[in-house]
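The values are calculated or read from the model by the stated rules, or taken from the named source; none is laboratory data. For clarity, every value in this text was computed on a predicted model and none was experimentally measured. Neighbour counts are summed over all protein chains in view; Cβ atoms, including those assigned to glycine, are modelled from backbone coordinates with ideal geometry. Note: accessible area is taken over every heavy atom of the protein model, side chains too, but ligands, DNA and RNA are not part of it. Shrake-Rupley method; radii C 1.70, N 1.55, O 1.52, S 1.80 Å.
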Amino acid sequence: MKRSLAGRIWPNATAAVLALLFVFPVYWMFATAFKPTQDILSEDPVWFPFHGTVSHFVTAVDAPNFWRLAGNSVVVTVVAVGLSLVIGLCGSFAIARMRFKGRRGILLTFMVAQMAPWEVMVISIYLIVRDADLLNSLLPLTFFYMLMVLPFTLLTLRGYVAAVPKELEESAMVDGCSRRQAFVKVVLPLLAPGLMATSLFGFITAWNEFPLVLVLNKEPGAGTLPLWLSQFQTQFGDDWGATMAAASLFALPILILFLFLQRKAVGGLTSGAVKG
């Protein structure tokens with residue numbers, strides 16, 4: 001009994017400590033955003049802003065180009081993730097269900113693309129976009145964000161599609177459905193957890209991406225929120241309260257999306273990783 005109790009306590013205690021280590025920076029960011037300036041600059045740390053203020057958030061929202069760059073981030077991220085889901089879903093279905101020459105080579109190519117760091121291709125991408133006269137445009141940014149997300153999307157959905165028995169499609173086709181109808185009415189609903197997992201990963205990747213937008217979209221109003229956050233300063237210089245408020249606003253959509261999709265996302269990631 002003692003060994004059993006100890007076996008439960010130590011893993012839970014270790015998990016609790018690790019959770020605190022990961023959560024504390026996030027808490028400190030949000031807490032600092034609500035602290036008055038005197039508490040932020042105090043030599044004695046104020047662990048909880050008992051006298052909170054929203055003035056730092058007002059400063060961040062009123063900063064130049066905030067709303068425009070926020071709109072750019074939403075458009076680029078949503079379009080890139082949406083395109084990657086559509087293309088990845090079609091590609092994963094073809095690789096998982098069909099047998100054709102070069103299938104393994106295509107799959108290997110996507111695996112290599114997933115492992116390769118995008119930063120090493122920034123110079124080449126810049127030259128291509130510059131020669132196409134598309135610098136400071138959202139179009140190339142959306143396209144390359146979609147390419148960043150696509151390998152993971154296709155590989156994850158491939159495992160999830162392979163886990164759906166073929167007999168379900170065949171039964172629907174025997175009942176009069178076409179192949180497309182069988183996919184839409186039978187297979188697609190079963191892929192919902194995988195779609196949520198890949199969309200969450202894609203959203204985080206595209207929303208947080210910084211090196212590419214730094215190189216391609218330098219003009220004010222042409223970038224996204226990561227670029228705005230890196231250049232955020234008030235007229236008085238470094239305002240840590242406003243900086244933390246800006247960082248909190250930037251992180252808030254990801255936190256909300258993760259809390260909304262966390263159960264489906266975890267199930268989708270594990271299923272796509274081990275099946276097929």
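When Gly272 is tested against (1) at pLDDT below 85; (2) closer than 16 Å to Tyr27 by Cβ; (3) open to solvent by less than 70 Å² (accessible area, probe 1.4 Å), only condition (2) is not met. Thr32 satisfies every condition listed in (1) open to solvent by less than 80 Å² (accessible area, probe 1.4 Å); (2) under 27 Å from Ala192 (Cβ atoms); (3) at pLDDT 85 or above except (2).
Here's the yes/no breakdown for (1) over 17 Å from Thr224 (Cβ atoms); (2) at pLDDT 80 or above; (3) out of contact with any strand residue (DSSP E or B) (no Cβ under 9 Å at 6 or more places or on another chain); (4) surrounded by fewer than 14 Cβ atoms within 10 Å (Cβ to Cβ):
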site: Ser73; (1), (2), (3), (4): no, yes, yes, no
site: Val78; (1), (2), (3), (4): no, yes, yes, no
site: Val86; (1), (2), (3), (4): yes, yes, yes, yes
site: Cys90; (1), (2), (3), (4): yes, yes, yes, yes
site: Ala94; (1), (2), (3), (4): yes, yes, yes, no
site: Met98; (1), (2), (3), (4): yes, no, yes, yes
site: Leu108; (1), (2), (3), (4): yes, yes, yes, yes
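Answer yes or no: is there a residue in the range 79-100 that is more than 28 Å from Leu190 (Cα to Cα) and assigned to a loop (DSSP other than H, G, I, E, B). No, that holds for no residue. What do you reckon, is Thr59 among the β-branched types (Val, Ile, Thr), open to solvent by less than 70 Å² (accessible area, probe 1.4 Å) and closer than 18 Å to Thr198 by Cβ? Against the criterion (among the β-branched types (Val, Ile, Thr), open to solvent by less than 70 Å² (accessible area, probe 1.4 Å) and closer than 18 Å to Thr198 by Cβ), Thr59 does not qualify. Any chance the range 140-158 includes a residue that's among the aromatic types (Phe, Trp, Tyr), more than 30 Å from Gly71 (Cα to Cα) and modelled with pLDDT under 90? No. Pairs linking a residue in the range 162-179 that is in a helix (DSSP H, G or I) to a residue that is polar (S, T, N, Q), with Cβ atoms under 8 Å and 6 or more positions apart or on different chains, are Ala172/Gln181.
Look through Gly223, Gly202 and report the one residue that is touching a helix residue (DSSP H, G or I) at 6+ places or on another chain (Cβ under 8 Å) and part of a loop (DSSP other than H, G, I, E, B). Of the residues listed, the single one that is touching a helix residue (DSSP H, G or I) at 6+ places or on another chain (Cβ under 8 Å) and part of a loop (DSSP other than H, G, I, E, B) is Gly223. Residues in the range 112-133 that are surrounded by 13 or more Cβ atoms within 10 Å (Cβ to Cβ) and at pLDDT below 90: 5 in all.
Checking the structure you have, find out if any residue of the range 234-241 is outside any loop (DSSP other than H, G, I, E, B) and free of Cβ contacts under 8 Å to residues at least 12 places away in the same chain. Yes: the range 234-241 contains one or more residues that are outside any loop (DSSP other than H, G, I, E, B) and free of Cβ contacts under 8 Å to residues at least 12 places away in the same chain.
Residues checked against (1) outside any helix (DSSP H, G or I); (2) surrounded by 13 or more Cβ atoms within 10 Å (Cβ to Cβ):
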site: Asp39; (1), (2): no, yes
site: Gly105; (1), (2): no, no
site: Asn136; (1), (2): yes, yes
site: Tyr145; (1), (2): no, yes
